[in-house]
Protein chains: 2
Amino acid sequence: MNGNGTSELEGPREAIIRVATGLFGERGFPATSMRDIAREVGILAGSLYAHIDGKETLLLEIIETGIAEYIDEAVAALTGKNGSEERLRALIRAHLDVVARGPRTTKIVFHQWRYLSEDHRALVRHRRDEYEELFVQVVQAGVDEGIFAADLDVPTVVRSILGALNWTPEWLRADGADPIDVVAQRLADTLILGLCHR
Amino acid sequence: MNGNGTSELEGPREAIIRVATGLFGERGFPATSMRDIAREVGILAGSLYAHIDGKETLLLEIIETGIAEYIDEAVAALTGKNGSEERLRALIRAHLDVVARGPRTTKIVFHQWRYLSEDHRALVRHRRDEYEELFVQVVQAGVDEGIFAADLDVPTVVRSILGALNWTPEWLRADGADPIDVVAQRLADTLILGLCHR
DNA sequence: CCTACCGATCGGTAGG
DNA sequence: CCTACCGATCGGTAGG
């Protein structure tokens, strides 16, 4: 790692993707110009195209890598965990880890996919459904096993949890006072236990 | 009301705001051009400026009106309600009513404020804090009264609730199979009671 | 509200 | 990776 926290072995292509992730996440895709990216990389706009295909392909690549990170981390977090509550807590914790590692990637994955072409949007939607399905499976299993309330509306539960998780990049700071696992536990307690006495 | 569901008495200025709300909400502010708005209104781009000051002012006006709607509706929903749980349910219900009435306004209020100038952003942030404070007060009161669990982390609770609510424009359809009050109750149950047995 | 236009900037390319 | 450039489009204005 160098002083910027980036790998010393980063090639020009990786630098472009890293810079684009930062800018797309902060300003959004349409408000970021190829010239903005080039400037921060330290080259001229035209030179970008020696390394990447185009602006939209760049966005697609960032989103696909980002979703894969969420799915891989979630699957890894589930292995070896047996209880449904433990499994749901693992999913929440894994999600927060990914957000903390790269809040901008999260914003891109969950908000900037609108700017993809229709074909690419369908591709991304499919992957996001895969991720959502992990939550559905765990919650449904908990209901079936009698761990969670029998009268839960599972889709509503999953949408609430994912909504709360997708909102975390707005307030979570990796360098914040509270360690990430403390924040994750607070959030999991809130989402699983609710507000009433337990 | 005419065939478009809009008021017959709508002037050109109101038409511009209505069209801009739709486009800013669907495509986002930077991806919407003044020519897009003008086309849908049925005039030429230059003619817009006889009715509005500029693109950013248009965004600011939409956001300010939108936040005011959330705050007004929330305050109205609270009057006459006494129990903390009842009050929190009223806030959730009021929020969902506003989302159902105009999902695009919600997306603009909670996501497009980034594209305002710094002064306008501060203004909007202040109003959003006002809205958030309504939730904080109700939840804190419930904790103080012993209605909600004493060991709740109130900021985490409010962020989770607002996160879940802000996500609803992504899946809620006003014309959906379920009436809005059914959806609101499901969501309130999920957020307040959590997943465990109650 | 239209005509006609401004300078600036956009994503991207040819040729080296 | 730069020079030099393409046509298209941007927010906005002057004058009527």
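Measuring gaps between exposed loop sites in chain A (GluC sites (Glu not before Pro); DSSP loop; at most 11 other Cβ atoms within 10 Å), the longest gap, sites not included, is A:9-144.
Provide the net charge surrounding residue B:53, with neighbours chosen by a C-beta distance below 12 Å and charges set as Lys +1, Arg +1, Asp -1, Glu -1.
Taking every other residue near residue B:53 into account, the sum is 0.
What is the percent of Cα-Cα separations in region B:64-104 that go past 17 Å? Before the final figure, lay out each step's value.
On the way: 218 of 820 pairs.
Percentage above 17 Å: 27.
Restricting things to Cα coordinates, could you compute the convex hull volume per residue of region A:59-193 in Å³? Working shown, then result.
Working: hull volume 13.7 nm³, N = 135.
Spelled out: Cα convex hull of region A:59-193, divided by residues, is 102 Å³.
Each other copy holds its own label point for residue B:178; taking that point as 7 Å from Cα along Cα to Cβ, the gaps run 2.8 nm, nearest first.
Using only the C-alpha atoms of region A:1-108, find the volume of their convex hull and express it per residue in Å³. Kindly include the intermediate steps, with their values, before the conclusion.
Details: hull volume 12.4 nm³, N = 108.
Spelled out: Cα convex hull of region A:1-108, divided by residues, is 115 Å³.
Nearest to the axis that brings chain B onto chain A is this chain B residue, judged by its Cβ, with the distance in whole Å: B:194, 1.
The distance separating the Cα centre of region A:63-136 from that of region B:140-170 comes to 24 Å. With the convex hull drawn over the C-alpha atoms of the protein assembly as shown, the volume per residue is 171 Å³.
In a fully extended conformation the segment linking residue B:27 and residue B:45 would gain 4.7 nm over its present Cα-Cα distance, using 0.36 nm per residue. Under a Gaussian network description of chain A, with springs only between Cα atoms under 10 Å, the residue in A:139, A:99, A:183 that fluctuates furthest is A:183. Within the listed set A:152, A:59, A:91, the Gaussian network model of chain A (springs between alpha-carbon atoms below 10 Å) gives the highest mean-square fluctuation for A:152. A point 7 Å from Cα along Cα→Cβ stands in for residue A:46, and the other copies hold the same point at 3.4 nm, listed in rising order. The phi-based Karplus calculation (6.51 cos²θ - 1.76 cosθ + 1.60; θ = phi - 60°) puts the 3J(HN,Hα) values of region B:182-197 at 5, 4, 5, 5, 4, 5, 5, 4, 4, 6, 8, 8, x, 9, 7, 4 Hz, whole numbers, x for Gly and Pro. Ignoring aspartates and glutamates fewer than eight residues from residue A:81 along the same chain, the ones with Cα atoms less than 16 angstrom from its Cα are A:72, A:73, A:145. Rg over Rh for region B:65-135 works out to 1.01, both radii taken from alpha-carbon positions and Rh defined as the Kirkwood radius. Based on C-alpha pairs under 8 angstrom that are at least 6 apart in sequence, region A:59-193 has a relative contact order of 33 percent. Candidate cross-link partners of residue A:55 among the lysines, defined by an alpha-carbon separation under 19 Å and a same-chain spacing of 8 or more, comprise A:107. In order along region B:88-96, the phi-based Karplus estimate (6.51 cos²θ - 1.76 cosθ + 1.60, θ = phi - 60°) of 3J(HN,Hα) comes to 5, 4, 5, 5, 5, 4, 4, 4, 5 Hz; Gly and Pro are listed as x.
Of the chymotrypsin sites (Phe, Trp or Tyr not before Pro) in region B:100-181, the ones in a loop by DSSP (not H, G, I, E or B) with at most 15 other beta carbons within 10 Å are B:171.
Between copies, residue B:117 shows label-point distances of 3.9 nm, shortest first, with the point placed 7 angstrom from Cα along Cα to C-beta. Between the listed residues B:75, B:158, B:9, the Cα displaced farthest toward the positive end of the dipole of chain B, a dipole computed from Cβ unit charges relative to the Cα centre, is found at B:9.
So, with +1 on the Cβ of K and R and -1 on the Cβ of D and E, and no other charges, what is the size of the charge dipole of the protein assembly as shown about its Cα centre, to the nearest 20 debye?
Working: 44 positive and 62 negative charges, 136 e Å.
About 660 debye.
Coordinate-derived values only; no laboratory data. Since this is a predicted model, take the numbers as computed values, not measurements. Glycine gets a Cβ as well: all are built from the backbone with ideal geometry, and neighbour counts include every protein chain shown.
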